[in-house]
Amino acid sequence: MVLTMAAVAANKGFAPERLTVQVEMTTDDSAREWACEFRTTIDLGAGLDASLVEEDSVAVAQGRLAKSGGKIILPTDVVVADAFSADAVSKTVPVKSVPAGWRILDIGPKTVKAFVKTLKGAQTVVWNGPMGVFEVPRFAEGTFAVARALAELPGATTIIGGGDSAAAVEQAGVADKVSHVSTGGGASLEFLEGKTLPGVATLEDK
């Protein structure tokens with residue numbers, strides 16, 4: 001199971017079939033194309049208002065969703081706030097009901113439950129990217145819930161890639177309960193994609 005800020009792609013029992021749990025965007029073909037912004041991919045056409053968006057990723061998201069065969073699971077509820085601030089007014093709403101001027105800062109409890117349920121049974125998990133603005137305690141529950149779920153997977157290989165993800169498992173108190181933690185986020189995805197990493201190539205030449 002590969003879990004990115006964009007996605008969770010699951011490979012249970014090392015079987016060929018892949019199960020994908022999605023926070024933003026995922027693909028079974030190219031790790032580099034997972035990282036589309038949340039607003040773009042969560043529901044193409046939904047009014048997500050002040051949340052971030054990569055407009056040029058919409059077409060990629062549409063194509064990947066169309067080819068997913070129903071394996072992409074998007075959030076159904078989200079935690080929104082009226083400002084990017086620890087003191088902002090916040091609430092949980094359905095993903096299609098983000099109020100005007102508000103922004104998504106975490107996944108909601110129903111989505112957390114769905115993601116955790118889907119993670120159960122996974123034997124290999126690679127996580128790159130938090131579920132929300134976990135640096136602010138009020139918006140950390142989605143990220144920390146996923147971190148705890150990974151730590152509790154029996155017998156699984158769990159790899160955390162990326163500085164934010166590494167910080168998240170540390171703050172969640174489970175860094176010592178996962179298999180490996182790396183600050184290399186983009187590099188991790190490129191490695192999984194099969195690309196040559198200059199630093200690794202140099203070491204292999206010696």
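Which chymotrypsin sites (Phe, Trp or Tyr not before Pro) in the range 55-159 sit in a loop by DSSP (not H, G, I, E or B) and have at most 14 other Cβ atoms within 10 Å of their own Cβ?
Phe84
Take each of the peptides 180-191, 63-74, average the number of other beta-carbon atoms within 10 Å over its residues, and list them starting from the highest.
Descending packing order for the listed peptides: 180-191, 63-74.
Add +1 for every Lys or Arg and -1 for every Asp or Glu among the other residues with Cβ under 12 Å from the Cβ of Val133, and state the total. Present the calculation step by step, with values, prior to reporting the outcome.
Working: positive: Arg103, Arg138; negative: Asp106, Glu135, Glu141, Asp164.
With Lys, Arg at +1 and Asp, Glu at -1, the neighbours total -2.
What spacing in nm lies between the two simple spin-label points modelled at Arg148 and Lys120, each 7 Å away from Cα in the Cβ direction?
It is 1.5 nm.
Fewest first, what order do Asp164, Asp176 take by the number of other Cβ atoms within 10 Å? It would help to have the intermediate numbers written out before the result.
On the way: Asp164 17, Asp176 9.
Final ranking by Cβ density, sparse to dense: Asp176, Asp164.
Treat each spin label as a single point 7 Å out from the Cα along the C-beta direction, and report the Lys177 to Glu190 distance in nm.
My value for the distance between the label points is 3.3 nm.
Could you check the spin-label model distance between Ala86 and Thr202? Points 7 Å from the Cα along Cα→Cβ, value in nm.
3.9 nm
Which of the residue pairs Lys113/Lys195; Lys67/Lys110; Lys67/Lys113; Lys71/Lys91; Lys91/Lys113 have a Cα-Cα distance greater than 23 Å in the structure shown?
Numbers: Lys113/Lys195 34 Å; Lys67/Lys110 25 Å; Lys67/Lys113 25 Å; Lys71/Lys91 28 Å; Lys91/Lys113 17 Å.
Flagged as over cut-off: Lys113/Lys195; Lys67/Lys110; Lys67/Lys113; Lys71/Lys91.
Can you tally the net charge around Ala145? Count Lys and Arg as +1, Asp and Glu as -1, for every other residue whose Cβ sits under 15 Å from the Cβ of Ala145. Spell out each step's value before the answer.
Details: positive: Lys110, Lys113, Lys117, Lys120, Arg138, Arg148, Lys177; negative: Asp77, Asp106, Glu141, Glu152.
Local net charge: +3.
Bear in mind that the values in this text are calculations on the coordinates, not laboratory data. Keep in mind the model is a prediction, meaning the values are calculated, not measured. Quick reminder, even Gly has a Cβ in these numbers, built from the backbone with ideal geometry, and neighbours come from all protein chains shown.
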